[in-house]
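Notes follow the structure.
The values are calculated or read from the model by the stated rules, or taken from the named source; none is laboratory data. Nothing here was measured: the structure is a model prediction, and the numbers come from that model. Methodologically, a virtual Cβ is constructed for each residue, glycine included, from the backbone with ideal geometry; neighbour enumeration extends over all protein chains shown. Surface accessibility is based on the protein's heavy atoms, side chains included, excluding ligands, DNA and RNA. Shrake-Rupley method; radii C 1.70, N 1.55, O 1.52, S 1.80 Å.
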Amino acid sequence: MSLAASDTSKVADGRTTSELGAVLPLTAEVRDNHLFVGGVDMVNLAKEQGTVLYVMDEADIRTRMETYREAFRSRYENSDVLYASKAFLNKEILRIAADEHLCLDVSGGGELACAQAVGFPADRIFVHGNNKTPQELREAIAAGVGRIVVDSRIELARVSEIAGELGVEQPIFMRITPGVEIDTHEYIRTGCEDSKFGFTMLNDFAFKCIKDALEAPHVKLVGLHCHIGSQAFALKPFREAAHIMVELMDRVRSEYGYTLTELDLGGGLGVAYTADQHPASIDEFANMTTEAVKDACAEFNMPLPRLLVEPGRSIVANAGITLYTVGILKTLPNIRKYVAIDGGMSDNIRTALYGADYEATIANKANEQRTEIVTLCGKHCESGDVVAVDVSLQRADIGDIVAVFSTGAYCHSMSSNYNGQPRPAIVFVKDGEARVVTRRETYADLFECDI
Ligand code: LLP
């Protein structure tokens, strides 16, 4: 693969780091030409810990978790916020989520095991996935998880059977595909009709399966779930989805005589990856979704259900940055300038996979203007191994520390050991202190599982 031709007419934006808007972690600042996050000098941290390094702004994460919780509770008392752990998973983030009184969305046995390892209260865990294995279901039911979000008819029978074997009645949700399209990358659009997720509403299939769930032994259907996609900028589709779901709950009540008491509208709120993006705020998202549910319930004369949402990206994306060291510079006349960094698609696959955009700065030149257009490429054996294509950057020298912003979500959690690259360490910073919360992998870790 070769990259699409560089836009050689593109002009660098001349911005300094402080002018990068919403992509900056909340505590980011510039002191003495260096980027600081959480009161910690990112240049010193990179020297001490080495690069590639994931850095997370703890105050930023806690602020967003609290903002979510309060934004919903203040508008809708019977509500809970689940942190979607697929966005960024390690023990520390789960401890923080528990400490901030969030519930948890796990999407399989591994995420559940991590939650159990930190003693996350099982009754606050929701288990997702379109193909949970019988083993994963058994683990989840045995652990006493709060809800299993059933994704198919086959799974409904499995959950019922396993719960029966374990002698429990498992509370469940059913995931519905409401047929709502959102404007995002097709790989992360999930609510549309052609989806591997959930029960389709086509031919009234979901409605019929709800009856099966109500009749199944060993499960208790308490609510419905939908997740229409991720990195959404427009909020209207959430309103549409809420209306469709409440209408379905109303039909269940009137035709089956059963009241579903909970509704989970999933995650999906978008974040800024570039300086000129202005996504909706957490408060605007809370306003739209809570109003939509209240309006729909008023329309159908339904009691207000417990309302749940499952944000991942909008809690962690902007809190995270990745630090790299510049190793090689190559200028191809009239084509592009490559700035090669010491990581790449192994620590951030999003650019190669989705054509994602990122902003970057040179942490040791943070107060200088970004005067060049460059392509930040990685060290992997593929031409498509890029982290940021045609981005503005200060003039780079070998040994500079590059900080790429908004990498807190879906970078570490989608990382790999491609080309034998050990995964980076993760450092949480707060109040001038840096804590390594996940150590850097060693070469020995790479073949630890090999016989
Ligand atoms: N709930 C469910 C059932 C989900 O599938 C997801 C994300 C979320 C909640 C959290 O959505 P968020 O608030 O983070 O948008 N790897 C892609 C994103 C995949 C999203 C998968 N599901 C990316 O890097 O953009």
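Below is a table of values for the structure above.
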| item | result |
| --- | --- |
| Out-of-range pairs (alpha-carbon distance over 21 Å; input Lys47/Lys379; Lys208/Lys294; Lys330/Lys379; Lys10/Lys379) | Lys208/Lys294; Lys10/Lys379 |
| Backbone N under 20 Å from the Glu66 label point (7 Å along Cα→Cβ), restricted to region 397-438 | 428-435 |
| Using θ = phi - 60° and Karplus 6.51 cos²θ - 1.76 cosθ + 1.60, couplings along region 436-447 (whole Hz; Gly, Pro as x) | 6, 10, 9, 6, 5, 5, 9, 4, 4, 4, 5, 10 |
| Note, ³J(HN,Hα) from phi for region 125-135, Karplus 6.51, -1.76, 1.60, rounded to Hz, x at Gly and Pro | 9, 10, 10, 10, x, 8, 8, 5, 6, x, 4 |
| Against the rule of thumb 2.2 N^0.38 Å, how large the Cα Rg of the chain comes out | 1.03 |
| Nearest-0.05 FRET efficiency for Gln135 and Glu255, computed from C-beta distance (R0 30 Å) | 0.25 |
| Whole-number percent relative contact order across region 195-338, with pairs defined as alpha carbons under 8 Å at least 6 apart | 24 percent |
| Computed label-point distance, nm, for sites Ala122 and Glu181 using a 7 Å Cα→Cβ extension | 4.4 nm |
| FRET efficiency, 1/(1 + (r/R0)^6) with R0 45 Å, evaluated for Ile154 and Glu29 via beta carbons | 0.30 |
| Average accessible area per residue (Å²) across the chain - probe 1.4 Å, nucleic acids and ligands excluded | 40 Å² |
| Region 318-348 versus region 17-53: alpha-carbon centroid distance in Å | 17 Å |
| Full-stretch length increase - Asn417, Ser281 - with 0.36 nm per residue and alpha-carbon distance subtracted | 45.5 nm |
| Cross-link partners of Lys132 among lysines (Cα-Cα below 20 Å; sequence separation of 8 or more within a chain) | Lys86, Lys196, Lys220 |
| Separation of alpha-carbon centers, region 107-140 and region 203-276, rounded to whole Å | 21 Å |
| From phi via Karplus (6.51, -1.76, 1.60), per-residue ³J(HN,Hα) for region 367-372 in Hz, x at Gly/Pro | 8, 8, 6, 7, 10, 10 |
